[in-house]
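*Asks:* The structure that follows is given in the form of structure tokens.
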Amino acid sequence: MADVAETTTVEEVKPKKKEALFSKKNRRILTDPLDGDNPITVQVLGICSALAVTGQMKPSLVMGIAVVFVMVCSSVLTSLLRNTIPSRIRIVVQLAIIATFVILVNELLLAFVYDTAKGLGAFVGLIITNCIVMGRLEAFAMGNKPWPSFLDALGNAMGYAIILLMVAFVRELFGSGTLFGAKIFPDSLATNGLMLYSSGACIVVGLLIWLQRSINGFREED
């Protein structure tokens, strides 16, 4: 009996095997938002900025990078503080964390890409209330460790940025005949002015949602 008890004790104190940084679970956390659980085409979040800032590739790229930075930093910091944040004020704390990084991003944009920052206008500041950022902090970072939270934030932010760039590519190319301001179509080839308006953006986003869901066979739950 003593031998059995001793064996049990040794097994109990045996350290648990650590999960690999890029285990199957962690890879899914990172890659699912890029396609099957994309925040725009599947979750239908962040639509306002997808319609408003995608008239050209450059502001869309800058907006995408800004969201990636804010979301990753906010998620990791929220995860690190998750056990010290009182439940009753967690939303306020999350907003304060996001706002801190948004202010930092806005100041950097004004310092280094002033014209693009002015063109984005209030939409950089509105990252604070972006439902994708707030949603991932509340749904994931508050209940998970920093590394999975980093992967979740990076995946969702990249999924958002990819759709922004795809919409901007179509709108700028067919609306202005340019890409990143460089002339692509000759002047003799007519462009579609509808692409320069939010109605054109709405059509492009709708087509992307339909295409992505058709390829993946996604269906809304009843």
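Any read-out appearing in this document is the output of simple, stated calculations on the displayed coordinates, not a laboratory observation. As the structure is a prediction and not an experimental result, all values here were calculated from the model. Backbone-built Cβ (ideal geometry, glycine too); neighbour counts: all protein chains shown.
*Asks:* Taking the conditions exactly as written (touching a helix residue (DSSP H, G or I) at 6+ places or on another chain (Cβ under 6 Å), small (Gly, Ala, Ser) and closer than 18 Å to THR41 by Cα), does GLY159 satisfy them or not? Please lay out each step first, then the result.
*Replies:* Values: touching a helix residue (DSSP H, G or I) at 6+ places or on another chain (Cβ under 6 Å): yes; small (Gly, Ala, Ser): yes; closer than 18 Å to THR41 by Cα: yes.
The answer is yes for GLY159.
*Asks:* Let me ask something else. If you scan region 53-75, which residues turn out to be surrounded by fewer than 17 Cβ atoms within 10 Å (Cβ to Cβ) and more than 27 Å from GLY175 (Cα to Cα)?
*Replies:* Residues satisfying the conditions do not exist here.
*Asks:* Quick test for you: out of ILE203, ILE163, ILE128, pick the one residue that is under 17 Å from PRO33 (Cβ atoms), assigned to a helix (DSSP H, G or I) and of a type in the set (Val, Ile, Thr).
*Replies:* Details: ILE203 fails: under 17 Å from PRO33 (Cβ atoms); ILE128 fails: under 17 Å from PRO33 (Cβ atoms).
Sole residue among the options that is under 17 Å from PRO33 (Cβ atoms), assigned to a helix (DSSP H, G or I) and of a type in the set (Val, Ile, Thr): ILE163.
*Asks:* Return a yes/no flag: does region 35-48 have any residue that is closer than 19 Å to VAL204 by Cβ and either in a helix (DSSP H, G or I) or touching a strand residue (DSSP E or B) at 6+ places or on another chain (Cβ under 9 Å) (or both).
*Replies:* Looking for residues that are closer than 19 Å to VAL204 by Cβ and either in a helix (DSSP H, G or I) or touching a strand residue (DSSP E or B) at 6+ places or on another chain (Cβ under 9 Å) (or both), one finds at least one in region 35-48, hence yes.
*Asks:* Do the conditions hold for LEU154, that is, is it under 18 Å from THR54 (Cα atoms) and in a helix (DSSP H, G or I)? Talk me through it step by step, then tell me what you get.
*Replies:* On the way: under 18 Å from THR54 (Cα atoms): no; in a helix (DSSP H, G or I): yes.
Against the criterion (under 18 Å from THR54 (Cα atoms) and in a helix (DSSP H, G or I)), LEU154 does not qualify.
*Asks:* Could you check how many residues of region 70-94 are more than 13 Å from LEU137 (Cα to Cα) and of a type in the set (Val, Ile, Thr)?
*Replies:* Going through region 70-94 one residue at a time, the tally reaches 2.
*Asks:* Then there is this: Closer than 20 Å to ASP115 by Cβ, in contact (Cβ under 8 Å) with a residue 60 or more places away in the chain and not in a loop (DSSP other than H, G, I, E, B), is that true of SER74? Even if it seems obvious, please write down each step before you answer.
*Replies:* On the way: closer than 20 Å to ASP115 by Cβ: no; in contact (Cβ under 8 Å) with a residue 60 or more places away in the chain: yes; not in a loop (DSSP other than H, G, I, E, B): yes.
Criteria not met by SER74.
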